[in-house]
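In what follows, a structure is listed as structure tokens, so that the remarks can point back to it.
The values are calculated or read from the model by the stated rules, or taken from the named source; none is laboratory data. As the structure is a prediction and not an experimental result, all values here were calculated from the model. A quick note on method: Cβ atoms are made from the backbone with ideal geometry, for glycine too, and the neighbour counts reach across all protein chains shown.
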Amino acid sequence: MSTTGVLRAQRLRVRRGDRLILRDISLTATPGRLLVLVGPNGAGKSTLLSTMAGLLKADEGQVVLHGKPLGEWAPRDLARRRAMLSQRVDLEFGFRVEEVVGLGRSPHVPDLVRDDRIVDAALRAAHAWGLRGRRYTALSGGEKQRVQLARVLAQIWEGGAAGAWLLLDEPEAGLDIAHQHFILRRARACAAAGFGVIAVLHDLNLAARYADEIAVLADGALLRHGEPDEALDPALLSAIYGIPLKRHAGGVIDAL
């Protein structure tokens, strides 16, 4: 298999004190597809995503991007190849929205005309164009989430052809239903444009609807990785969530 653009976790173990958060997880993600991580609270989804982003160091194992361990990447070069939208981004300064989005351009060689064009395009792509000129600290939680999405899009805007990665940790959190679907359609559009996209989602039905492939985690272990119909097995999900679940016609997952 070609390593171009591939993001691969190899036998990852992450500990916090005496607790093993990730248990020998190996997972390969490829550009052009939306991979969704699902599982109950405490399954290790966000820890896995942060480790694959290089923001958290594994106690054992490694993460490899383009055939090269993350630890061998220069920070600026890695920042041009992957961007992560965390669950919560604290920013207390009164920056205007477009200034926050412009922070995503910091790993790149400054070019005022190009950077302004990319910031504008990222704002439109994140459905945040109408927030221009407003102070970030005055925004609602959902509006801040859309601005942060624009920031990470601006960070890797030109990297689709090079297999850049967009990593999203519960990107639908705090958004109304319309913007939940919008942000996941945007994630799919990024994948279609050549980016690799990994998202942590709690909503199994959103995962079933938008994912190209799904990885199911529980208690720090990877239990299943495959196409949605294969990965979202009701018997498996019922066991790990501790509640009887059924998959109805049309793919909707619900409690019995």
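For Glu158, the requirement of being within 24 Å of Asn41 (Cβ to Cβ) and not basic (Lys, Arg) is not met. Restricting the first member to region 134-147 and to residues that are closer than 15 Å to Gly102 by Cα, and the second to residues that are of a type in the set (Lys, Arg) and assigned to a helix (DSSP H, G or I), the beta-carbon pairs closer than 8 Å and six or more apart or on different chains are Tyr136/Lys144. Scanning region 27-74 for residues being free of Cβ contacts under 8 Å to residues at least 24 places away in the same chain, within 24 Å of Cys190 (Cα to Cα) and assigned to a helix (DSSP H, G or I) gives a total of 1. Arg151: touching a Gly at 6+ places or on another chain (Cβ under 6 Å), basic (Lys, Arg), within 30 Å of Thr4 (Cα to Cα) and touching a residue at least 40 places away in the same chain (Cβ under 8 Å), yes or no? Yes.
Reported count of residues in region 219-239, each being surrounded by 20 or more Cβ atoms within 10 Å (Cβ to Cβ) and within 14 Å of Pro40 (Cα to Cα), is 4.
Given the criterion closer than 30 Å to Ala125 by Cα, among the β-branched types (Val, Ile, Thr) and out of contact with any helix residue (DSSP H, G or I) (no Cβ under 8 Å at 6 or more places or on another chain), identify the matching residue among Ile214, Ile177, Ile243, Ile183. Sole residue among the options that is closer than 30 Å to Ala125 by Cα, among the β-branched types (Val, Ile, Thr) and out of contact with any helix residue (DSSP H, G or I) (no Cβ under 8 Å at 6 or more places or on another chain): Ile177. A single entry from Gly141, Gly71, Gly130 fulfils the requirement of being out of contact with any Phe, Trp or Tyr (no Cβ under 9 Å at 6 or more places or on another chain), loosely packed, with under 15 Cβ neighbours inside 10 Å and under 30 Å from Arg23 (Cβ atoms): Gly71. Residues of region 214-228 that are free of Cβ contacts under 8 Å to residues at least 60 places away in the same chain and either in a helix (DSSP H, G or I) or closer than 28 Å to Arg151 by Cβ (or both): Pro228 alone. When region 47-87 is filtered for residues that are among the polar types (S, T, N, Q), over 23 Å from Ala162 (Cα atoms) and at pLDDT 95 or above, only Thr47 remains. For Leu27, the conditions (1) surrounded by 19 or more Cβ atoms within 10 Å (Cβ to Cβ); (2) in contact with a helix residue (DSSP H, G or I) (Cβ under 6 Å, 6 or more places away or on another chain) are fulfilled apart from (2).
With Ala211, Ala192 as the choices, which residue is modelled with pLDDT of 90 or more, under 13 Å from the mean Cα position of the chain (by Cα) and over 21 Å from Val147 (Cα atoms)?
It is Ala211.
Only one of the numbered conditions (1) in a loop (DSSP other than H, G, I, E, B); (2) touching a helix residue (DSSP H, G or I) at 6+ places or on another chain (Cβ under 8 Å) is not met by His202, and that is (2).
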